[in-house]
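Participant: Starting off with a structure, shown below.
The values are calculated or read from the model by the stated rules, or taken from the named source; none is laboratory data. Because the structure is predicted, anything quoted here is derived from the model rather than measured. Note: ideal-geometry Cβ built from the backbone for every residue, glycine included; neighbour counts use all protein chains shown. With ligands, DNA and RNA removed, areas are computed over all heavy atoms of the protein, side chains included. Shrake-Rupley method; radii C 1.70, N 1.55, O 1.52, S 1.80 Å.
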Amino acid sequence: MTPQNLMLLPLSNPKLSIGCPILDHCLGGGIPCNSITELVGESGSGKTQLCLQLTVRAQLPPSNGGLGGSSVYIFTEFSFPFRRLRQLGNLYHASYPNLIRLEPLEDIYVHGVHDAQQLIHVLGNIEAFIAIDHTRLPVKLIIIDSIAALFRSQYQTTPADLKRRSEMFFNIFGTLKGSANKFGLAVVVTNQVVDFIGPHDGVNRVRLGNLESLDTSGRRVTPALGLAWAHCINSRVFLAIHEQSIEVDIRNTPSTSICSQTHKTFHLVFAPHLADASAEFVIRKEGIVGVSQ
């Protein structure tokens, strides 16, 4: 790499906007291309909702915060939420009739996988699929929802299995990172959480990857898959759920009632050259939206 070649490199990677200035600000502008971003949280925290939102927004041109591209969505558990995706697609087409097709689902390619080895095979096929360039819009986003489901029961905790699992992590990471750099893709993976047992401040007061505890629904949790997987991702976003009890006056009586309010938090845990940031968000019909505090 010569100094002349360095001058030709872009100053920053393109980014895919979430569609909310508050949440985009936490990410320094959006989900970066040429990079792997992890969304981690408990069930119901909004991971899949955000992934569906990104697949539709990716079709917008860069001038509107998109990537001008199609998406590949790999799901690993449950049935794929086509109904919700179709609802989001219709809403975005109504908002951007000249920019998003009447049938936005035609630019989203969905594939189910059931184990890690199948994922490796599918990722190889996807790279060939992208290279052939037979899609109306170039593929610019790959989503895996969720990565943890593939390893939940396939590997035991024996040293040999842990070694094989780590090797599989790096195999998946190498394939995803290679495709991201080769084709300028944004890659988003979702991960689950497990209960955290240990000191709040990590090990010897050092917080690294999976050694940090996070809080959601009154529980101390940590991202699944451990430190080996944490080394495979570039950015980690934690979606948390918090319940708060509040007193509510009962109309025309001196009594009060205790009600609980649910708050959801979007927290950037780590990312290159970005400080920790967080914001509350809500899930609406049009998708995930940050809330001003």
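Participant: Checking the cross-link filter: which aspartates and glutamates have an alpha carbon closer than 20 Å to that of residue 177, excluding same-chain neighbours under 8 positions apart?
Facilitator: Hits, sequence-local ones excluded: 38, 115, 127, 133, 145, 167.
Participant: If you take the beta carbon distance between residue 137 and residue 262 as r and set R0 to 41 Å, what does 1/(1 + (r/R0)^6) give as a FRET efficiency, to the nearest 0.05?
Facilitator: Result of the calculation: an efficiency of 0.65.
Participant: Which ³J(HN,Hα) values, rounded to whole Hz and listed in residue order, are derived for region 125-142 from phi using the Karplus coefficients 6.51, -1.76 and 1.60 in 6.51 cos²θ - 1.76 cosθ + 1.60 with θ = phi - 60°, glycine and proline given as x?
Facilitator: Computed from phi, the couplings for region 125-142 are 5, 5, 4, 5, 4, 5, 5, 5, 6, 9, 8, 4, 10, x, 5, 10, 9, 10 Hz.
Participant: Could you work out what % of the accessible surface of region 89-184 is carbon and sulfur, using a 1.4 angstrom probe and leaving DNA, RNA and ligands out of the count?
Facilitator: 54 percent
Participant: Now, a different point. Can you give me the long-range amide H partners of residue 269? Hydrogens built in the peptide plane at 1.01 Å from N, cutoff under 5 Å, separation of 5 or more residues or another chain.
Facilitator: For residue 269, whose amide H was placed from the backbone, the distant partners under 5 Å are 236, 237, 238.
Participant: Run the reach check for residue 182 against lysines, Cα to Cα strictly under 25 Å, same-chain hits fewer than 8 apart removed. What comes back?
Facilitator: Residue 182 reaches 15, 140.
Participant: Additional query: Given a 1.4 Å probe and heavy atoms of the protein chains only, how would you sort 165, 83, largest accessible area at the top?
Facilitator: 83, 165
Participant: What nm distance separates the two modelled labels at residue 220 and residue 114, each placed 7 Å from Cα along Cα→Cβ?
Facilitator: Result for the modelled spin labels: 3.9 nm.
Participant: Moving to a separate point now. Using a 1.4 angstrom probe with every protein chain in place, what is the largest-first accessible-area order of 196, 281, 173?
Facilitator: 173, 196, 281
Participant: How much solvent-accessible surface does residue 139 expose, in Å² to the nearest 10, with a 1.4 Å probe and all protein chains in place?
Facilitator: 10 Å²
Participant: Let me ask something else about it. Using Cα-only point scatterers and the Debye equation, what is log10 of I(q)/I(0) for region 1-160 at each q in 0.15, 0.19, 0.21 Å⁻¹, rounded to two decimals?
Facilitator: Normalising to I(0) and taking log10 leaves -0.90, -1.31, -1.50.
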